[in-house]
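Trainee: I am attaching a structure below and will ask some questions about it afterwards.
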Amino acid sequence: MALMINDDCTNCDACVESCPNEAISEGDTTYVIDPAKCTECVGAEDEPQCALVCPVDACVPDPNRRESKDVLQARYEKLHA
């Protein structure tokens, strides 16, 4: 599943550079993750890097976007082709 950034986000910017797919950008009030680019770091890392670096644990699974590792891997390969 793609990740999302919840309202706990403090706009610290730590997550932006950690994303191998450049899926994180500034939103109106917090940072946002583009679900079309988020692979939960499948294909690049063992676990989501944004969640690792977030000091307030604002990077969380998006319950509306449940996807298999195969789907996430295919998205990563398409993004980096």
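The values are calculated or read from the model by the stated rules, or taken from the named source; none is laboratory data. On a predicted model such as this, the values are computed, not experimentally measured, just so you know. In this analysis, Cβ positions are derived from the backbone assuming ideal geometry, glycine residues included, and neighbour counts consider all displayed protein chains. Only protein heavy atoms, including side chains, enter the accessible area calculation; ligands, DNA and RNA are left aside. Shrake-Rupley method; radii C 1.70, N 1.55, O 1.52, S 1.80 Å.
Trainee: Would you say Ala2 is at pLDDT below 95, within 11 Å of the chain's Cα centre (by Cα) and under 23 Å from Gln73 (Cβ atoms)?
Mentor: Details: at pLDDT below 95: yes; within 11 Å of the chain's Cα centre (by Cα): yes; under 23 Å from Gln73 (Cβ atoms): yes.
For Ala2, the condition - at pLDDT below 95, within 11 Å of the chain's Cα centre (by Cα) and under 23 Å from Gln73 (Cβ atoms) - is met.
Trainee: Restricting to segment 1-29, what's the tally of residues that are of a type in the set (D, E, K, R) and outside any loop (DSSP other than H, G, I, E, B)? Can you show your working first?
Mentor: Step one: list which residues in segment 1-29 are of a type in the set (D, E, K, R), which gives 7-8, 13, 17, 22, 26, 28.
Applying the additional criterion that residues be outside any loop (DSSP other than H, G, I, E, B) yields 26.
Qualifying residue count for the region: 1.
Trainee: Would it be correct to say that Glu45 is under 20 Å from Cys9 (Cα atoms) and open to solvent by 40 Å² or more (accessible area, probe 1.4 Å)? Before you say what the answer is, go through the steps one by one.
Mentor: Values: under 20 Å from Cys9 (Cα atoms): no; open to solvent by 40 Å² or more (accessible area, probe 1.4 Å): yes.
For Glu45, the condition - under 20 Å from Cys9 (Cα atoms) and open to solvent by 40 Å² or more (accessible area, probe 1.4 Å) - is not met.
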